[in-house]
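The values are calculated or read from the model by the stated rules, or taken from the named source; none is laboratory data. Please read these numbers as outputs of a predicted model, since none were measured by experiment. Every residue, glycine among them, receives a Cβ derived from its backbone with ideal geometry; neighbour counts consider all protein chains shown.
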Amino acid sequence: MTQTTITPDGRQIGDVLMDLRNITLRFGGVTAIKDISFDIREGEIRAIIGPNGAGKSSMLNVISGFYVPQEGEIWFKGYRRGPMKPYEVARLGIARTFQNIALFDGMSVLDNIMTGRLNMMKAPIWSQALWWGRAEREEVENREQVEKIIDFLEIQNIRKTPVGRLPYGLKKRVELARALAAEPKILLLDEPMAGMNVEEKEDMCRFILDVNDEFGTTIALIEHDMGVVMDLSDRVVVMDYGRKIGDGTPDEVRNNPEVISAYLGVAHE
Amino acid sequence: MFYREAGDFKTSYRDDGQTFPIKLDRWGYYAILAVAFLVVPLVIDSYWANAVLVPFLIYAIAALGLNILTGYAGQVSLGTGGFMAVGAYAVYKLMVAFPGVPIVVHIILAGAITAVVGMLFGLPSLRIKGFYLAVATLAAQFFLVWLFNKVPWFYNYSASGQINAPERTILGWAVTGPATSASAKYLICLCFAVGLAWMARNLTRGSVGRKWMAIRDMDIAAEIIGVNPLTAKLSAFAVSSFFVGIAGALLFSVYLGAAEASEAFGINKSFLVLFMIIIGGLGSIFGSFAGAAFLVLLPVLLKNVLVAQFGWPTDLAAHIELMIVGALIVFFLIVEPHGLARLWALTKEKLRLWPFPH
């Protein structure tokens, strides 16, 4: 059953790539996520929005394997995914960025992005120790791929700079580059525009759209800037207090009374 | 002749990734190697070998090993002395049990045995970090030394409890035992130091090194990009212990000739090597050598100046020397916490602009 839809701007959206069914996540007595189901389809940009504390980041952590939900199933590419460690999830092709930048400060930009390709580098340790044969070949091959991403995100001039010296906006971009270097099927972005000025936000939006367009990467993002979310995303999930209160295209969500009341409050009689 | 990369174009990623991207650096490095291999062995005497160069090279190997673990992978270890003891006792048992096998093979095997022991004591690192891990490795230090003292099998039931290195030769040259010449001692240590430094450099610039540094800088982010913390940490412990084991094997068989576990491989050794990498620079190959040079050469230099130049009594000089070394360590930590390697890197950055800094 292949479903393909074409968006108004001409991108193709394919089958369901990831399906989350009845996910419930509890921390002791607190229920962070309560019986939430939604799917992410191939090639789309899916946004998760909601007020603070709604459980958005927990949801992302469930997808990337940090938290194992007490109930519910995660289906990826048509298979049910058992409980997995984050590094195993990464190997399935799910990459993410963090709300607070999580780069490796002691390494250069280039090395940081190269770490995104660690799963493609499988040379045995003796080959690496002697820098001979497979290790050297892999290094050059992966460097070529990384350079493409560096070109794509326009960070050529800082490739040898230690990450710790970069300004905030560029760090965010390097983090995106590292996630992209892994050639993910799904890219999870946790507030990619938090703390940016308008110009940086515009750049970031452009990059997200370009990534989706050129690499065909499926993107799931959390964002607070409603303008950005409504413009970028194909479908939006709205969460509040761990429940799902809305799901649909930006227009549907915008007119959903429950969503409006969650964001603006309900008028008292 | 200016020190800079202008005009030194790289046309492939392979060239861009090399260890010494600047031509002048590369030539300087080859020149130092040439002098070390061709000139020094001809002129070295036993004072220079025993007091300066051989200990410098051996401690440089140990510092490289600890730097891989602490500087690159971020796992603090106070068990260096214990792991050196494993290398020493392993090489001793191997030398005695298989006299026909070349000594180089024994030394490398001793490193491999230490790697296994190191991995075993690295297991706690999966659950604990920082100071707590340091305490766990401290347990390794005390346990291993105690083991080598208490179990007579390790020192072949000798009456003194010491181990003594029998004479072994490479191509007819004695490299262990009392008849060893200064240049033979120096050359075997130099070969190991250069080879291991080259391997350490290769490991740290490749994918294993990136895994280690990723774990060091932010373990959660490392896991999210697909680094298995178990294999990354244990491989760091294994490689580090391999280096430290070889250093211990060389220290016993080539340098000391006879050793007793608690004396030669006590907690002092662990701290000495840790100071070396802190002063030299964490996460730097050059720093390991710089730190070893600083802590091996400085006491010798001070002794020569204080006793030979000023004519002070030896015991007074020894005390003053301790104070000066300690003060210098504190001074360095305050002025440049990233060590000598950072000072060197800053100098190089300035040199690239010199003489027109604007």
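Observations
- Filter result (assigned to a helix (DSSP H, G or I), more than 13 Å from the chain's Cα centre (by Cα) and farther than 28 Å from B:L328 by Cα) within segment B:250-285: B:F252, B:S253, B:V254, B:A261
- Checking B:L316 against (1) assigned to a helix (DSSP H, G or I); (2) within 15 Å of B:G281 (Cα to Cα), the condition it does not meet: (2)
- The residues of segment A:141-161 that are farther than 19 Å from A:R206 by Cβ and either at pLDDT below 90 or among the basic types (K, R) (or both), listed by number, are A:R143, A:R159, A:K160, A:T161.
- Against the conditions (1) surrounded by fewer than 24 Cβ atoms within 10 Å (Cβ to Cβ); (2) within 13 Å of another protein chain (Cβ to nearest Cβ), B:K233 satisfies every one except (1).
- Complete set of residues in segment A:139-171 that are over 17 Å from B:D217 (Cβ atoms) and touching a residue at least 60 places away in the same chain (Cβ under 8 Å): A:F152, A:Y168
- Considering B:L69, B:L120, the condition of being on the phi < 0 side of the Ramachandran plot, in contact with a helix residue (DSSP H, G or I) (Cβ under 8 Å, 6 or more places away or on another chain) and part of a helix (DSSP H, G or I) is satisfied by B:L69 alone.
- In segment A:84-97, residue surrounded by the most Cβ atoms within 10 Å (Cβ to Cβ) [restricted to those that are assigned to a loop (DSSP other than H, G, I, E, B) and more than 8 Å from every other protein chain (Cβ to nearest Cβ)]: A:G93
- Within segment A:117-129, tally of residues that are more than 7 Å from chain B (Cβ to nearest Cβ) and assigned to a helix (DSSP H, G or I): 3
- Boolean, B:V39 is surrounded by fewer than 16 Cβ atoms within 10 Å (Cβ to Cβ) and either farther than 30 Å from A:R143 by Cα or polar (S, T, N, Q) (or both): yes
- Residue tally, condition more than 9 Å from chain B (Cβ to nearest Cβ) and of a type in the set (A, V, I, L, M, F, W, C), over segment A:173-187: 6
- Any hit, segment B:209-229, residues being within 11 Å of chain A (Cβ to nearest Cβ), crowded, with 24+ Cβ neighbours inside 10 Å and within 14 Å of B:L64 (Cβ to Cβ): yes
- Positions within segment B:77-106 being more than 20 Å from the chain's Cα centre (by Cα), of a type in the set (A, V, I, L, M, F, W, C) and in a loop (DSSP other than H, G, I, E, B), in sequence order: B:F98, B:V101
- B:G291 being under 28 Å from B:V244 (Cα atoms) and assigned to a helix (DSSP H, G or I): yes
- Filter result for A:R137 (at the interface with chain B (Cβ under 7 Å from one of its Cβ atoms) and not aliphatic (A, V, I, L, M)): no
- Qualifying residue in segment B:35-51 (condition: within 16 Å of the chain's Cα centre (by Cα) and of a type outside the set (G, A, S)): no
- Criterion violated by A:D251 - all others in (1) under 22 Å from A:I186 (Cα atoms); (2) out of contact with any Leu (no Cβ under 6 Å at 6 or more places or on another chain) satisfied: (1)
- For segment A:231-269, taking the residues that are part of a helix (DSSP H, G or I) and of a type in the set (G, A, S), the one that is modelled with the highest pLDDT is identified as A:S261.
- Among residues of segment A:98-116 being more than 7 Å from chain B (Cβ to nearest Cβ) and in a helix (DSSP H, G or I), the one that is farthest from A:I150 (Cα to Cα) is A:N112.
- Test result for B:S262, of a type in the set (S, T, Y) and more than 11 Å from chain A (Cβ to nearest Cβ): yes
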